[in-house]
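Asks: This structure is in structure tokens; I'll ask about it shortly.
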Amino acid sequence: MKKIAILGSTGSIGTQTLDVISQHPQDLSVAALAAGSNIVLLEQQIRQYHPLIAAVWDAKKAAELKIAVSDLDVKIVSGMEGMIEAVTLPEADIVVTAVVGMIGIRPTMEAIKAGKDIALANKETLVTAGHLIMQMAKDYHVQILPVDSEHSAIFQSLKGEHASGIRRILLTASGGPFRGKTLDELADVQVEDALKHPNWSMGRKITIDSATLVNKGLEMMEARWLFGVEPKDIQIVVQPKSIIHSMVEFVDGAVIAQLGTPDMKLPIQYALYYPDRKYLPGDRLDFWSLNQITFEKPDMENFPGLKLAFDAAAAGGSMPTVYNAANERAVAKFLDRKIGFLDIPEIISECMAAHKVVEAPTVEQILQTEAATYDMIESRW
Ligand code: NDP
Ligand code: MG
């Protein structure tokens, strides 16, 4: 029996992880759950999956939940300490990091130190602290198993291969809901339009990131750490239907890809069972109705958020933290209708221009960079 801790159990990836666990009660069980503030759903999850511990970020909500589940034998904890207690629980074998944003850095590191394998969805942690996390994973002999669909596809394509055989990574992108639009047209798009992704149903932040193409920029940096490739050897390939989930080109010219219907349960289940495959109910690819798969170049002019990611990766050090932190705050402001859609890349660009790179930053320096970026945004926008 594999015992799972889920950081961000009430979100899109978290709830789909619980769906996968429900399909395999003989193999998988829940050891710990952690969420931000949605205690109504968390209580239902506790009653259904019986974790030993549940963490709520918000202390007041944690106190309410404690009363609500006082009939059960579950420990309720709160704050950063609580999240860390949940992911380092001795009974847990693997931690699914499905929290959104760089808040995931500390719990992910503590889980690694406690020897837990990581099924990683929380890309912001790798973008900002990838150099530290990958080294820690080596030092503590834990596996980092990608959950992001593109990275799972690359991971599957690399099975049985040596890293020295990789020529480049072909990271596929749907292009988002605004593919083909110009800057003029993008100036007026509303929150509702940006939240309509053509192929995937996801949390609000990543859905906006998909509309700006910042998500693909974050994924490029996620891939560089996961697979040890230089950003220049990662090519973005737009494939609007999200059928090819990504590809690897090898030195002999062979290209290996993983294809499938757009369903996050596959990469989640693959990470939980790696290296085995298990039956997964759901739609299968039907090549006759699919008829064709088309490709385009990414549009970095009208979607500068993607170009800025390559700039941030080239600058290195603390610059990806500025890119990510500025994006996190700008997306929150866009969702609150305080700024326009094109202000998101503009804010990222200005924050990056004002930053002096710290090489190989420590966690403290990463968090300081985050705070300084937030301060700059609060004072200017
Ligand atoms: P959601 O917004 O749907 O869920 C986020 C989860 O994190 C919720 O459970 C939320 O709790 C929890 N959370 C937020 N803040 C805190 C906090 N301070 N402490 C503890 N828990 C917190 O996000 P997604 O599931 O869409 O995305 C999660 C991560 O996975 C992101 O990094 C995203 O980029 C990545 N990802 C997502 C994909 C998808 O299909 N959704 C695909 C590939 C990657 P609460 O509900 O209580 O607020
Ligand atoms: Mg993805």
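Asks: Residue by residue through the stretch 203-219, note down the ones that are part of a loop (DSSP other than H, G, I, E, B) and surrounded by 20 or more Cβ atoms within 10 Å (Cβ to Cβ).
Replies: Within the stretch 203-219, Leu213 is the sole residue that qualifies.
Asks: Determine which member of the set Ala312, Ala325 is touching a Phe, Trp or Tyr at 6+ places or on another chain (Cβ under 6 Å) and within 24 Å of Glu230 (Cα to Cα).
Replies: Every option except Ala312 fails the conditions.
Asks: Could you please find all residues in the stretch 229-274 being of a type in the set (Asp, Glu), within 25 Å of Gly130 (Cβ to Cβ) and either part of a helix (DSSP H, G or I) or in contact (Cβ under 8 Å) with a residue 12 or more places away in the chain (or both)?
Replies: Correct list: Asp233, Glu249.
Asks: Let me ask something additional. I'm trying to understand the selection: among the residues of the stretch 25-68, which are of a type in the set (S, T, N, Q) and either assigned to a strand (DSSP E or B) or within 16 Å of ligand 2 (Cβ to nearest atom) (or both)?
Replies: Ser29
Asks: Please name all residue pairs, on different chains or six or more residues apart, with Cβ atoms under 9 Å, provided the first residue is in the stretch 76-90 and is over 14 Å from Lys113 (Cα atoms) and the second residue is open to solvent by 20 Å² or more (accessible area, probe 1.4 Å) and of a type in the set (Asp, Glu).
Replies: Here the result reads Val77/Glu85; Ser78/Asp58; Gly79/Asp58; Met83/Glu110, each pair linking the stretch 76-90 to a residue that is open to solvent by 20 Å² or more (accessible area, probe 1.4 Å) and of a type in the set (Asp, Glu).
Asks: Any idea which of (1) acidic (Asp, Glu); (2) over 30 Å from Lys278 (Cβ atoms); (3) part of a helix (DSSP H, G or I) is the one Asp71 doesn't satisfy?
Replies: That leaves (3) as the condition not met.
Asks: Filter the stretch 1-29 down to the residues that are within 19 Å of Glu110 (Cβ to Cβ) and more than 8 Å from ligand 1 (Cβ to nearest atom), then identify the one that is most open to solvent (accessible area, probe 1.4 Å).
Replies: Filtering first and then ranking leaves Lys3.
A quick yes/no check of all residues on (1) surrounded by 18 or more Cβ atoms within 10 Å (Cβ to Cβ); (2) charged (D, E, K, R):
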{"site": "Ala35", "(1), (2)": "yes, no"}
{"site": "Leu41", "(1), (2)": "no, no"}
{"site": "Gln44", "(1), (2)": "no, no"}
{"site": "Lys61", "(1), (2)": "yes, yes"}
{"site": "Lys66", "(1), (2)": "no, yes"}
{"site": "Asp73", "(1), (2)": "no, yes"}
{"site": "Glu81", "(1), (2)": "no, yes"}
{"site": "Glu85", "(1), (2)": "yes, yes"}
{"site": "Asp93", "(1), (2)": "no, yes"}
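Asks: Now, a different point. Of all residues being open to solvent by 20 Å² or more (accessible area, probe 1.4 Å) and closer than 22 Å to Asp263 by Cβ in the stretch 151-173, which is nearest to ligand 1 (Cβ to nearest atom)? Just the residue, please.
Replies: Phe155
Asks: Further question: Hey, among Val142, Val127, which residue is more than 19 Å from Ile243 (Cα to Cα), open to solvent by less than 20 Å² (accessible area, probe 1.4 Å) and assigned to a loop (DSSP other than H, G, I, E, B)?
Replies: Residue meeting the stated conditions: Val142.
Asks: Would you confirm, using the coordinates I've provided, whether Asn291 is open to solvent by 60 Å² or more (accessible area, probe 1.4 Å) and more than 28 Å from Gln16 (Cβ to Cβ)?
Replies: It is true that Asn291 is open to solvent by 60 Å² or more (accessible area, probe 1.4 Å) and more than 28 Å from Gln16 (Cβ to Cβ).
Residues are listed down the side, and each one gets a yes or a no for (1) within 16 Å of ligand 2 (Cβ to nearest atom); (2) touching a helix residue (DSSP H, G or I) at 6+ places or on another chain (Cβ under 7 Å):
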position	(1), (2)
Ala129	no, yes
Glu192	no, no
His197	yes, yes
Ile206	yes, yes
Met221	yes, yes
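Asks: I would also like to ask the following. Is there a residue in the stretch 13-20 that is free of Cβ contacts under 8 Å to residues at least 40 places away in the same chain and in contact with a Ser or Thr (Cβ under 8 Å, 6 or more places away or on another chain)?
Replies: yes
Asks: What number of residues within the stretch 321-339 satisfy the criterion of being under 18 Å from Leu306 (Cβ atoms) and either open to solvent by 10 Å² or more (accessible area, probe 1.4 Å) or not in a helix (DSSP H, G or I) (or both)?
Replies: 1
Asks: Let me ask something else about it. Which one of the conditions (1) within 12 Å of ligand 1 (Cβ to nearest atom); (2) open to solvent by less than 10 Å² (accessible area, probe 1.4 Å); (3) assigned to a strand (DSSP E or B) does Glu222 fail to meet, given that it meets all the rest?
Replies: Here Glu222 clears every test but (3).
Asks: Here's a follow-up. Please work out if Val255 is surrounded by 15 or more Cβ atoms within 10 Å (Cβ to Cβ), farther than 20 Å from Ser210 by Cβ and in contact with a strand residue (DSSP E or B) (Cβ under 8 Å, 6 or more places away or on another chain).
Replies: no
The values are calculated or read from the model by the stated rules, or taken from the named source; none is laboratory data. A quick note: this is a predicted structure, and the numbers were derived from the prediction, not measured. Quick reminder, even Gly has a Cβ in these numbers, built from the backbone with ideal geometry, and neighbours come from all protein chains shown. Heads up: the accessible areas ignore ligands, DNA and RNA and are worked out on the full protein's heavy atoms, side chains in. Shrake-Rupley method; radii C 1.70, N 1.55, O 1.52, S 1.80 Å.
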